[in-house]
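The structure appears below as structure tokens.
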Amino acid sequence: MKKTIVQAAGMITLIAIFSKLLGFVRELLMASYFGTSPTSDAYFVASIIPVLLFTAVGMAITTGMVPLYAEAKKKSKTEANEIMSVLTTLFLVLSFIVTLICLVLTPYITKIMAPGFSDQQLELTNMLTIIMLPSFCFYVLSAVTTGILEYEKVFAPPALGAIPQNILIILAIVLLTNVYGIYGIAAATLLGAVSQFLVQYPFIRKYNVLKLNFNFKAHKKLFRDTFLALSPMIIASIAYQLNAVVDRMIASSLQTGSVSALNYANKLMFLPLSIVLLSFITVLFPSIVDAAAEKSKHFVHLIFQGINVISLIGIPIMAVMLIESETLVNIAYKRGAFDDEASLLTTTAFFFYSFGMIFIALKEFLNRSFIAIHQPKITMIASVASIVANIILSLILSRYFGVGGIALATSIAMMLQTLFLFMYLPRKTEVDPEEMKSFLFSTLKLMLLFALVFALLYLIHPLYETLHPILSFFVSALCAFIFTAISSLLFRLKEMQWMAAFFKSKLRRNKHG
């Protein structure tokens with residue numbers, strides 16, 4: 001019997017918690033051993049290059065190939081396997097070619113990405129980039145397997161992917177730093193990318209989609225249609241990742257350690273985002289795809305309810321992150337080479353990144369929704385507009401707030417992208433005016449709820465801020481969730497009831513399906 005959506009959500013959340021805890025330990029050790037130093041700055045710039053390449057195609061593959069695979073499978077399982085094997089082979093060949101080109105052009109790429117680095121830092125960045133670049137090929141393979149496995153409701157292997165990578169990097173930091181320095185961490189990062197694919201390989205084998213298939217001539221039309229369909233998603237993915245690149249480029253011209261501070265703050269912000277909100281989106285996406293394929297009115301209902309549920313879950317988390325920003329940074333990183341100056345830099349960035357956490361989740365949710373209704377051009381336009389806004393805002397705000405201005409620019413850009421996507425929704429799908437009115441009313445309630453929860457935390461925080469940092473954080477978290485629960489009842493928010501009804505309906509459907 002297929003796993004129910006409730007079981008899948010619970011399983012993914014548990015795996016995500018464990019994986020993110022390992023990731024937290026990894027970042028904690030990086031901060032402890034390297035702090036916000038020129039060496040750590042070089043590593044984080046070098047590591048973003050293969051990630052940028054992967055993001056350019058990874059999300060397009062994972063998200064874009066799911067509807068393609070689903071459509072082909074309805075006709076014939078053999079045809080679906082043939083199509084996926086040919087596309088996988090093509091993506092692998094292209095990723096190998098791109099990797100070779102980037103290896104040759106590494107000195108020029110790093111100079112563009114870190115214009116403020118010294119010659120010595122650039123030389124180190126070049127070496128680290130060369131070590132880590134081949135990971136791009138394995139990230140591409142992992143993207144293919146992730147998309148197919150998630151559609152087949154096999155959620156565990158993709159979720160497990162980051163665990164061996166985190167373990168390898170942790171071991172390298174602890175065991176190899178004294179001998180190989182940052183080079184050992186770079187090698188472990190490459191091996192970690194390989195491990196992400198190897199974890200999924202035993203589970204994807206039975207679908208026969210990973211065999212090498214160079215029968216390109218027979219599928220010329222498929223390639224043309226696929227790349228026409230995926231190109232907007234690829235451009236959108238590049239634009240999104242360019243936000244991080246722009247952040248690092250501008251930060252490289254600020255005080256030493258700014259690049260590292262942005263990285264540590266971003267990773268800390270993504271911890272609750274990926275554990276809770278993105279896990280929910282991952283499990284909901286197949287239902288979005290099915291509703292879109294059936295051209296069901298339930299599609300818009302799912303979108304509206306999904307937006308409000310994501311917002312409701314994010315409200316107490318975001319309030320705690322803002323109130324306890326310094327506490328969280330110190331708990332996470334302040335030890336070893338991570339001194340007071342590093343703490344101040346990272347806290348400033350984390351505080352302003354926190355404003356954008358919910359908008360990042362909503363942007364991802366709406367992106368997937370537009371892809372489900374075959375409107376990737378909308379996500380492309382929104383992403384390009386977002387990167388333009390981020391560049392302009394980063395250049396302006398960094399002058400006044402330093403590294404905090406860069407983080408704030410990213411948060412504002414994510415908010416603008418989310419609003420753009422939402423405003424386009426009624427143009428691309430039928431929306432009942434009454435349902436829109438109900439949604440907007442619920443959104444106003446949620447905005448008021450956030451203001452109330454944040455204000456209450458802000459007022460009571462001085463009463464216990466002298467406690468041990470960990471205890472202070474737990475008090476704030478407990479109060480935030482209690483305030484949110486009570487306020488939800490007072491405001492008569494229906495999002496929790498909707499979630500329960502949604503999960504129950506899926507449970508009944510799977511039992512009878």
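In table form, for the structure just shown:
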quantity	calculated
Solvent exposure ordering (accessible area, 1.4 Å, most first) of THR78, THR327, THR346	THR78, THR327, THR346
For the stretch 342-447, projected area of the alpha-carbon convex hull averaged over all directions, nm²	7.7 nm²
Theoretical gain in end-to-end length, HIS298 to GLU430 [0.36 nm per residue, Cα-Cα removed]	46.5 nm
Kirkwood Rh, angstrom, the stretch 33-173 [1 / mean 1/r, Cα pairs]	16.9 Å
Charge context of LEU90, other residues only, Cβ under 14 angstrom, K/R +1, D/E -1	+3
Rough spin-label spacing in nm, given labels placed 7 Å along Cα→Cβ, for ASP339 and ILE460	3.9 nm
At 1.567 mPa s and 4 °C, Stokes D of the stretch 432-481 from Kirkwood alpha-carbon radius, µm² per second	102 µm²/s
Whole-angstrom gap from the stretch 195-218 to the stretch 342-373, using each part's C-alpha centre	33 Å
Extension gain, PHE474 back to LYS111 (0.36 nm per residue minus Cα-Cα distance, nm)	126.3 nm
Heavy-atom SASA rank of ILE470, ILE460 (probe 1.4 Å, accessible area, largest first)	ILE470, ILE460
Candidates per chymotrypsin sites (Phe, Trp or Tyr not before Pro) in the stretch 195-229, loop by DSSP, up to 16 other Cβ within 10 Å	PHE214, PHE216
Accessible surface of HIS301 - all protein chains present, 1.4 Å probe, nearest 10 Å²	60 Å²
For the stretch 276-394, radius of gyration divided by Kirkwood radius, i.e. Rg to Rh on alpha-carbons	1.09
Loop-resident sites, the stretch 62-164, for chymotrypsin sites (Phe, Trp or Tyr not before Pro), counting at most 13 other Cβ within 10 Å (DSSP)	none
Taking the C-alpha atoms of the stretch 240-346, convex hull volume expressed per residue in Å³	115 Å³
Label selected from [x] -0.28, -0.56; [y] -0.26, -0.48; [z] -0.19, -0.38, the criterion being log10 I(q)/I(0) by the Debye sum over Cα atoms at q = 0.05, 0.07 Å⁻¹ as computed here	[z]
The chain: calculated mean residue ellipticity at 222 nm from DSSP helix runs of at least 4, using -39500 (n - 2.57)	-29000 deg cm²/dmol
Over the stretch 175-227, equivalent-ellipsoid semi-axes from the Cα gyration tensor in Å	37, 16, 8
Summed side-chain charge close to GLY35 - residues other than GLY35 whose Cβ falls under 14 Å, Lys, Arg +1, Asp, Glu -1	-3
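The values are calculated or read from the model by the stated rules, or taken from the named source; none is laboratory data. Keep in mind that what you see is a predicted model, and the values were worked out from it rather than measured. Here Cβ is always computed from backbone atoms with ideal geometry, including for glycine, and neighbour counts include all displayed protein chains. Please note that ligands, DNA and RNA were not included when accessible areas were found on the heavy atoms of the full protein model with its side chains. Shrake-Rupley method; radii C 1.70, N 1.55, O 1.52, S 1.80 Å.
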